[in-house]
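What follows is a short report on a single structure.
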Amino acid sequence: MDILITGTGLGGLTTALRLAKRGHRVEMLEKADRPGGRLNQLKKDGFTFDMAPSFFSMSYEFDEFAKDCGISLPFQFVPLDPLYTVNFAKTGKQYVIYRDLQRLEKELEELEPDLARKMKAYLDSAGSFFHDSIDKVVRRNYNSLAEYLFTLTRVPLKHVPKVTRNVWQELEKYFDSEEVKQIFSLVAFFLGATPYDTPALYSLLSYTEMVHDGYHNVKGGMYKIVEGLMDEMEKEGVKVHYNKEIVDYKEEGGKLKGLVDQNGKIWTADDYVVNADAAGFRNAVFRRKKYRTQRLDKQKWTLAPFTMYLGIKGKVPNIHHHNYFLGKNFKEYASKIFKNDISLEKPYYYVNVQTRNNPDAAPKGHEALFVLVPVPDLRYKPRWEDAETLAINVIRDLSQRTGYDLENNLVSKTVFNPKDWEQFLNLYRGSGLGLAHDLNQIGAFRPPNKDEKFNNVFYVGSSTVPGTGLPMAVISSGLVTQRIINKYGNISEKCAKNQ
């Protein structure tokens, strides 16, 4: 069958290869001039920057994908150890986070006595929930809300309390130190949220980082994932058309007959897979009443990204590959950042020194830094005339806290504010990771990956099931592929029989 995929994020690319390997004729459209979606790359002034994701967990999902496609992974994982550092403005202290609990206990001994025992209890609880839910709940499609709710009954009752608590409250059960709770609550920010509005269910992310699989980078940079997948797709004859933004559609007899790009060209296929925001696309292109702007604005969206890509002369000291810089008012900042009720003069931020694992990302004797500041989405902060002020504040704060004058050693600087991200990737209101993971926005409560009107339209990516993040995008591609297999059967097997 002819399948058109709009969007070349990780979900779209992995779906394209899965379907092509099964004998479908796959074609892709991309709004930008290069593939990757959020998993993108910026080259400037001799520096190479990964633009958004800088590490990931659950690497075995990529292995499962490769096995499903009958290929060897066209990129190489680099396990991270240590995982990251956390820097506290209040004390000026930096703590290195290791997976080894004995080493971690020694690192944090001044903060939390008997840490290894407490951490093991916390991780055992998180791990138990992970293994009781990942296959039963996450790696599956749902055809109705009732089916989803029934599936939840298969999860052991001992996990029910995690539904009633948030991540911070879960951590309070195990740890006394405010700093330790802040360190291990940062997993909530990976979901584009804060520990005070993220269900305790997602403490399972602590298990994935500390025990189950750890964190990984990719040799040569994260964009090697995209380049490797593009090479594999080329072998299968998958065509990708760039600078094609979908703005309208054609329907006939209850089926989608074509997607219309900005130039008025109609792209036709038997089936369509949308690798754009599953809620935003239904709003902007299909103009569905259920997904109208007024309704979407009332839903919970993840924080928006304010990102900087800095080329620095010299080597920045007192900094590792992945680093979090926290201020002095964690609870106040986290509780107010969503709705722009707090000053961004001293923001909390993350820094990835890309040259630590990939020295070729910068000229010799230089560093390539990626800085991410989680900020309110465009509903709450629609104007960004102060973007340069925020950028300077972060650069000066990072200079002070590392003891290195970044401002006077700055060779290259590129800043993306939420409006830029909204325009670049059609992110709804500039939200970095799509719909948030509230209890009423997960599972079958998320926009489904099968269209409610057109039986030949499917969705893959962050705002549909199972959720946000690189491994979730890979799982999402498997789920939507299964939908299409259920519709047509295995095309490659039919082709083999007819030969």
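Cβ contacts < 8 Å: first residue among the polar types (S, T, N, Q), restricted to region 294-313; second residue part of a strand (DSSP E or B), any location; separation 6+ or different chain. Result?
The qualifying pairs are Gln299/Leu435; Thr302/Leu435; Thr307/Phe370; Thr307/Val371; Thr307/Leu372; Thr307/Val373; Thr307/Val415; Thr307/Phe416.
Which number in (1) touching a Leu at 6+ places or on another chain (Cβ under 6 Å); (2) of a type outside the set (Asp, Glu); (3) farther than 16 Å from Asp438 by Cβ; (4) not assigned by TED's automatic domain parsing to the domain that holds Arg22 marks the one condition that Met233 misses?
Among (1) touching a Leu at 6+ places or on another chain (Cβ under 6 Å); (2) of a type outside the set (Asp, Glu); (3) farther than 16 Å from Asp438 by Cβ; (4) not assigned by TED's automatic domain parsing to the domain that holds Arg22, the lone unmet condition for Met233 is (4).
Quick one: Tyr291 ticks every box in (1) closer than 30 Å to Trp384 by Cβ; (2) not assigned by TED's automatic domain parsing to the domain that holds Leu29 bar one, so which box is it?
The number of the failed condition is (2).
Having 1 or more residues that are more than 22 Å from Tyr98 (Cα to Cα), at pLDDT 95 or above and over 19 Å from the mean Cα position of the chain (by Cα) is the bar; report the strands (runs of 3 or more DSSP E) wholly within region 197-279 that clear it.
239-241, 246-252, 255-261, 271-274
Checking His437 against (1) in a helix (DSSP H, G or I); (2) of a type outside the set (Lys, Arg); (3) touching a helix residue (DSSP H, G or I) at 6+ places or on another chain (Cβ under 9 Å); (4) modelled with pLDDT under 95, which test does it fail?
Of everything listed in (1) in a helix (DSSP H, G or I); (2) of a type outside the set (Lys, Arg); (3) touching a helix residue (DSSP H, G or I) at 6+ places or on another chain (Cβ under 9 Å); (4) modelled with pLDDT under 95, His437 misses just condition (1).
Picking from Gly430, Gly403, Gly434, Gly467, which residue would you name as being assigned by TED's automatic domain parsing to the domain that holds Leu19 and either more than 17 Å from Ala284 (Cα to Cα) or touching a residue at least 24 places away in the same chain (Cβ under 8 Å) (or both)? Even if it seems obvious, please write down each step before you answer.
Working: Gly430 fails: assigned by TED's automatic domain parsing to the domain that holds Leu19; Gly403 fails: assigned by TED's automatic domain parsing to the domain that holds Leu19; Gly434 fails: assigned by TED's automatic domain parsing to the domain that holds Leu19.
Just one listed residue meets the conditions, Gly467.
Look at region 246-287 and say how many of its residues are surrounded by 16 or more Cβ atoms within 10 Å (Cβ to Cβ) and among the polar types (S, T, N, Q).
Going through region 246-287 one residue at a time, the tally reaches 2.
So how many residues does region 340-349 have that are over 17 Å from Val180 (Cα atoms) and free of Cβ contacts under 8 Å to residues at least 40 places away in the same chain?
Of the residues in that region, 3 qualify.
Can you list residue pairs whose Cβ atoms sit under 8 Å apart, with the first residue in region 134-162 being under 13 Å from Val465 (Cα atoms) and the second being surrounded by 12 or more Cβ atoms within 10 Å (Cβ to Cβ) and among the polar types (S, T, N, Q)? Count only pairs 6 or more apart in sequence or on different chains.
As it stands, the answer is Val137/Thr151; Arg140/Thr151; Asn141/Asn449; Asn141/Gln482; Tyr142/Thr151, since those pairs meet every condition given.
In region 299-339, which residues are farther than 20 Å from Lys181 by Cα and more than 22 Å from the chain's Cα centre (by Cα)?
Selection gives Gly311, Ile312, Lys313, Gly314, Lys315, Val316, Pro317, Asn318, Ile319.
I'm checking my understanding of the structure. Among residues of region 351-367 that are free of Cβ contacts under 8 Å to residues at least 40 places away in the same chain and outside any helix (DSSP H, G or I), which one is surrounded by the most Cβ atoms within 10 Å (Cβ to Cβ)?
If we filter region 351-367 for residues that are free of Cβ contacts under 8 Å to residues at least 40 places away in the same chain, which is where we start, we get 353, 355-356, 359, 364.
The next check asks that each one be outside any helix (DSSP H, G or I); those that pass are 353, 364.
Numbers: Val353: 23, Lys364: 6.
Step by step, filter region 351-367, then rank; the result is Val353.
Answer yes or no: is there a residue in region 451-460 that is surrounded by 19 or more Cβ atoms within 10 Å (Cβ to Cβ), within 19 Å of Gln41 (Cα to Cα) and in contact with a helix residue (DSSP H, G or I) (Cβ under 9 Å, 6 or more places away or on another chain).
Within region 451-460, not a single residue is surrounded by 19 or more Cβ atoms within 10 Å (Cβ to Cβ), within 19 Å of Gln41 (Cα to Cα) and in contact with a helix residue (DSSP H, G or I) (Cβ under 9 Å, 6 or more places away or on another chain).
Considering (1) outside any helix (DSSP H, G or I); (2) crowded, with 18+ Cβ neighbours inside 10 Å; (3) hydrophobic (A, V, I, L, M, F, W, C), say which one Leu398 fails and leave the rest.
(1)
Residues in region 403-434 that are in a loop (DSSP other than H, G, I, E, B) and within 18 Å of the chain's Cα centre (by Cα): how many? Walk me through it before giving the result.
Narrowing region 403-434 to residues in a loop (DSSP other than H, G, I, E, B): 403-406, 417, 426-427, 431-434.
When the remaining residues are screened for being within 18 Å of the chain's Cα centre (by Cα), the result is 417, 426-427, 431-434.
Matching residues across region 403-434 total 7.
Could you check region 43-87 and list, in sequence order, the residues that are within 27 Å of Phe424 (Cα to Cα), buried (at least 18 other Cβ atoms within 10 Å of the Cβ) and not charged (D, E, K, R)?
Phe47, Thr48, Phe49, Met51, Ala52, Pro53, Ser54, Phe55, Phe56, Ser57, Phe62, Phe75
Out of region 21-74, which residues are part of a strand (DSSP E or B) and of a type outside the set (Lys, Arg)?
Residues satisfying the conditions are Val26, Glu27, Met28, Leu29, Gln41, Leu42, Phe47, Thr48, Phe49, Asp50, Phe56.
Of all residues in region 167-192, how many are among the hydroxyl-bearing types (Ser, Thr, Tyr), within 24 Å of Ile442 (Cα to Cα) and not in a helix (DSSP H, G or I)? Show your work before the answer.
First pass over region 167-192, keeping only residues among the hydroxyl-bearing types (Ser, Thr, Tyr): 174, 177, 185.
Remaining after also requiring within 24 Å of Ile442 (Cα to Cα): 185.
Next, from what is left, pick out any that are not in a helix (DSSP H, G or I): none.
Of the residues in that region, 0 qualify.
Within region 235-255, track down each residue that is touching a residue at least 60 places away in the same chain (Cβ under 8 Å) and either farther than 13 Å from Leu29 by Cβ or of a type outside the set (Val, Ile, Thr) (or both).
Glu236, Gly237, Lys239, His241, Tyr242, Asn243, Lys244, Glu245, Glu251, Gly254, Lys255
Only one of these conditions is not met by Lys136: (1) closer than 21 Å to Ser335 by Cα; (2) charged (D, E, K, R); (3) at pLDDT below 95. Which number is it?
If we test Lys136 against (1) closer than 21 Å to Ser335 by Cα; (2) charged (D, E, K, R); (3) at pLDDT below 95, just (1) comes out false.
Quick one: would you say Asn323 is touching a strand residue (DSSP E or B) at 6+ places or on another chain (Cβ under 9 Å), in a loop (DSSP other than H, G, I, E, B) and of a type in the set (S, T, N, Q)? Before you say what the answer is, go through the steps one by one.
Details: touching a strand residue (DSSP E or B) at 6+ places or on another chain (Cβ under 9 Å): yes; in a loop (DSSP other than H, G, I, E, B): no; of a type in the set (S, T, N, Q): yes.
Considered against the rule, which asks whether it is touching a strand residue (DSSP E or B) at 6+ places or on another chain (Cβ under 9 Å), in a loop (DSSP other than H, G, I, E, B) and of a type in the set (S, T, N, Q), Asn323 comes out as no.
Given the residues Gln482, Gln441, Gln400, which is the only one that is under 30 Å from Ala20 (Cα atoms) and either of a type in the set (D, E, K, R) or out of contact with any Phe, Trp or Tyr (no Cβ under 7 Å at 6 or more places or on another chain) (or both)?
Exactly one residue qualifies, and that residue is Gln482.
The values are calculated or read from the model by the stated rules, or taken from the named source; none is laboratory data. Quantities reported herein were computed from a predicted structural model and do not represent experimental measurements. In this analysis, Cβ positions are derived from the backbone assuming ideal geometry, glycine residues included, and neighbour counts consider all displayed protein chains.
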